[in-house]
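Only one structure is covered here, and it is reproduced in the block below.
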Amino acid sequence: MVNPQPHAVLASDHFRARSALTSSQLARQLRSCKVCRFRKVKCDRVQPCHACCAHGYPSKCAYDTDPDDNLQPISQTDEIRNLRHEIRELTATLNSRQRRARKPRRLAQLQALFDAIRSAPLDVTNRIVADVRRTRGRTHGEAFPLEPENGSEGAVTTRPRGSHDPDGRIDEDEADYRSGRHASSRSSSEDSEDSSYGAVCHLGSSKPMLDVFIERFVDAFSPQVSTKAGQAGAVRRAAGIRMFSPILMDAFESVSTAYFGRIIQDKDLEASGFRLYPRVLRSLQQALQDPERSKAESTLVTVMLLMAFESVERTTQGSLLAHVHGAMRLIEHRGPENHVHGVEHLLYTELRPFWVSASFITRRPCFLAAEEWINLPWSANTSKRDILHYLLDLAVEVPALLGQFDDVQATLGSNLSSVHEITVKQVALWDGVADLTERFRRWKVQWVDSYPDGPPQEVEVVPSDQFPLFQCRDFRTGGVMTPTTFVYPDLRLAQTMCLYYSIRLVLSSVDTRPEGRVGPLDQYAMGCGICRSLEWYIQNAAGNMINRLVFPVRVAWEIFPDAGPERRYLQEVLKLVEKRHSLALWGGGMSELSPRAGSPQEESPDMVQVQAQEG
């Protein structure tokens, strides 16, 4: 007899079979990460897994596992850390055994040296003694046997490290140094045992020292600070995933080596990092031309590292701005949905003031003003929007008004538009400026005047040799005076207020309203507000967080007259920061960051031009 509903029976049997296997299948399924389950690809069940690393998203690799489950995913970072620790222990054990084995050899060398001095001819003895004296007080020499003379065997002398062999070859350690590879320092016990004799134990690989360079770079550009200082963990998080991306490894090596060489004033080491820089640029260009790799977090991090490199080296006047504009195009290409989690979210939120400031320089409407860019990156509560980001939510509207002003000026100069057309454009600009100016004032009342830890305080200046003294004009008397300085409850408020003054100054440059506009005295007061905040911020900011004030400082510079005391003060601050933080950008005056209309704009290089292609 034929079953009238065969499909129903089969469906029922299939459902029962699946129900019987649901619990075990689910347990096995949850061993794979979320991304691999979504992409329906094989997962090797480590964290981050190979598939996530290959696609350039190691920070998005996450697992749905029970904390009490014994089968937790293996952490690659922990595994690498354990292996490195084990290698260090084995290396230390091996070196200890080698030192013990070298003691008899050293005694034999010393005995041979004694015998040679006692029995060799006078000219040989004088040469041996001269060699020993030359090595005293310098880097340890390495003992090598002399040709037997006058029947004596085993005579030894010392050759200073870095000298040339008789055949003209440079010592290995000197060659390592010139090529940018530094040997690690030896312990005091080794120094006391070796004296001027014996083989010198050193690391032939640059990797151990590279870790030191990267750690120093991370501490400078991503210092560990409290939440009240603002976020500063993006570069630190990026350094933790560098082993999963060759381009990221090269970028960290280039930038950190150049930076370390700069801060210790070692030109050879700095040049070593600089030589690797073109290779990083070529790799980045290839990544940007690939539809999938262009959206990988490793590509975004590499662009950010090149920005840090330019703040250190300042290869050309417009190089930093070119990288910033390229980074903005890359961010726009990736879309706001790719800046909700992980390193991408940190890079977007921490560097958002730079993106907004760069849009002021272009003086054109920016994608950052779109609603999705204002809200979507915070949709997963990865971090909370604070006082600074609420200010930036308003600031993203300024570039469009700058563009409107330039359009009005072009219309006035063309003599081709009617009076009515000019009037309509002018009124629309005035209305936009008036509305945004009022919203900025309301923001200050809501967020600054009612700040939980209190608003900025004014205190009398105590002159010090550690920092320049700011002086400004007293418009009542026409003389020069020393105003009070601003003291803030935390770094986040100080950064926000400096950015607030600079944004208001840029907006006031297009405020041509006949009534209610921000006049020259108000502009001067806001420029002085930035200067009165610099000492407290620079003295309290960790690492290179001072870079967060590059745009406010440049805007303040342009408010003051050329030969006034205000510009002399800023010039002294620029020199101080360049010397203290090894940042060539500050020493160059940051002229490329000018937001003035008609200022020369540098086009971004080809290597940061993103070609948006459909995947």
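Could you list, in sequence order, the residues of the range 556-595 that are over 21 Å from T482 (Cα atoms), of a type in the set (A, V, I, L, M) and assigned to a helix (DSSP H, G or I)? Across the range 556-595, the qualifying residues are V577, A584, L585, L593. Within the range 234-259, which residues are more than 10 Å from the chain's Cα centre (by Cα) and touching a residue at least 60 places away in the same chain (Cβ under 8 Å)? Passing the criteria: R237, G240, I241, M243, F244, S245, T257, Y259. Taking (1) in contact with a Lys or Arg (Cβ under 7 Å, 6 or more places away or on another chain); (2) modelled with pLDDT under 95 in turn, Q495 satisfies each apart from (2).
Only one of the numbered conditions (1) over 27 Å from the mean Cα position of the chain (by Cα); (2) of a type in the set (S, T, Y); (3) closer than 27 Å to V235 by Cα is not met by T437, and that is (3).
Let's see how each residue does on (1) at pLDDT 85 or above; (2) among the small types (G, A, S); (3) touching a strand residue (DSSP E or B) at 6+ places or on another chain (Cβ under 7 Å):
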residue	(1), (2), (3)
G543	yes, yes, no
L549	yes, no, no
V553	yes, no, no
I559	yes, no, no
P565	yes, no, yes
L574	yes, no, no
G588	no, yes, no
S604	no, yes, no
V610	no, no, no
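Flag set for V433, criterion: within 20 Å of D522 (Cα to Cα), out of contact with any strand residue (DSSP E or B) (no Cβ under 7 Å at 6 or more places or on another chain) and of a type in the set (A, V, I, L, M, F, W, C). Contact map, the range 361-375: first residue buried (at least 16 other Cβ atoms within 10 Å of the Cβ), second residue part of a helix (DSSP H, G or I) and of a type in the set (S, T, N, Q), Cβ cut-off under 7 Å, separation 6 or more or different chains; pairs are C366/S359; L368/S359.
Counting the residues of the range 443-482 that are more than 26 Å from K228 (Cβ to Cβ) and not polar (S, T, N, Q) gives 13.
Is it true that some residue in the range 257-267 is under 30 Å from W373 (Cα atoms) and assigned to a helix (DSSP H, G or I)? Within the range 257-267, not a single residue is under 30 Å from W373 (Cα atoms) and assigned to a helix (DSSP H, G or I). With the structure loaded, tell me whether L521 is more than 17 Å from Q457 (Cα to Cα), over 25 Å from the mean Cα position of the chain (by Cα) and modelled with pLDDT of 95 or more or whether it fails that test. Judged against the criteria, L521 is not a match. Exactly one residue out of S196, S272 is at pLDDT 50 or above, crowded, with 17+ Cβ neighbours inside 10 Å, farther than 30 Å from C52 by Cα and of a type in the set (S, T, N, Q): that is S272. Considering every residue within the range 4-22, establish whether at least one is surrounded by 15 or more Cβ atoms within 10 Å (Cβ to Cβ), more than 24 Å from G240 (Cα to Cα) and either of a type in the set (G, A, S) or at pLDDT below 75 (or both). Taking every residue of the range 4-22 in turn, none turns out to be surrounded by 15 or more Cβ atoms within 10 Å (Cβ to Cβ), more than 24 Å from G240 (Cα to Cα) and either of a type in the set (G, A, S) or at pLDDT below 75 (or both). Scanning the range 257-298 for residues that are more than 27 Å from V340 (Cβ to Cβ) and either hydroxyl-bearing (S, T, Y) or not assigned by TED's automatic domain parsing to the domain that holds E578 (or both) yields T257, Y259, S272, Y277.
Conditions (1) farther than 29 Å from V408 by Cβ; (2) acidic (D, E); (3) crowded, with 21+ Cβ neighbours inside 10 Å, marked per residue:
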| site | (1), (2), (3) |
| --- | --- |
| G454 | yes, no, no |
| F470 | yes, no, yes |
| G479 | yes, no, no |
| P483 | yes, no, no |
| M545 | yes, no, yes |
| P552 | no, no, yes |
| I559 | no, no, yes |
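Taken together, the criteria exclude D266 from residues that are among the charged types (D, E, K, R) and within 24 Å of A54 (Cα to Cα). Set side by side, the residues V408, V398, V343, V356 differ, and just one is among the β-branched types (V, I, T) and without any contact (Cβ under 8 Å) to a residue 40 or more places away in the chain, which is V408. Scanning the range 414-454 for residues that are within 21 Å of A395 (Cα to Cα), touching a residue at least 12 places away in the same chain (Cβ under 8 Å) and either among the aliphatic types (A, V, I, L, M) or part of a loop (DSSP other than H, G, I, E, B) (or both) yields A428, L429, V433, A434, L436, V448, Y451.
Can you find a residue in the range 283-302 that is free of Cβ contacts under 8 Å to residues at least 12 places away in the same chain, of a type in the set (D, E) and closer than 23 Å to R242 by Cβ? Scanning the range 283-302 turns up at least one residue that is free of Cβ contacts under 8 Å to residues at least 12 places away in the same chain, of a type in the set (D, E) and closer than 23 Å to R242 by Cβ. Of all residues in the range 521-538, those that are without any contact (Cβ under 8 Å) to a residue 40 or more places away in the chain have Cβ atoms under 8 Å from Cβ atoms of residues that are buried (at least 19 other Cβ atoms within 10 Å of the Cβ) and basic (K, R), 6 or more apart or on another chain, in M526/R504. Taking the criterion of being in contact with a helix residue (DSSP H, G or I) (Cβ under 6 Å, 6 or more places away or on another chain) and in a helix (DSSP H, G or I), the residues of the range 392-404 that qualify are L392, D393, L394, A395, V398, P399, L401, Q404. Across the range 358-376, the number of residues qualifying as part of a helix (DSSP H, G or I) and farther than 14 Å from I503 by Cβ comes to 8.
The values are calculated or read from the model by the stated rules, or taken from the named source; none is laboratory data. Keep in mind the model is a prediction, meaning the values are calculated, not measured. Cβ coordinates were reconstructed from backbone atoms using ideal geometry, including for glycine residues, and neighbour counts include every protein chain displayed.
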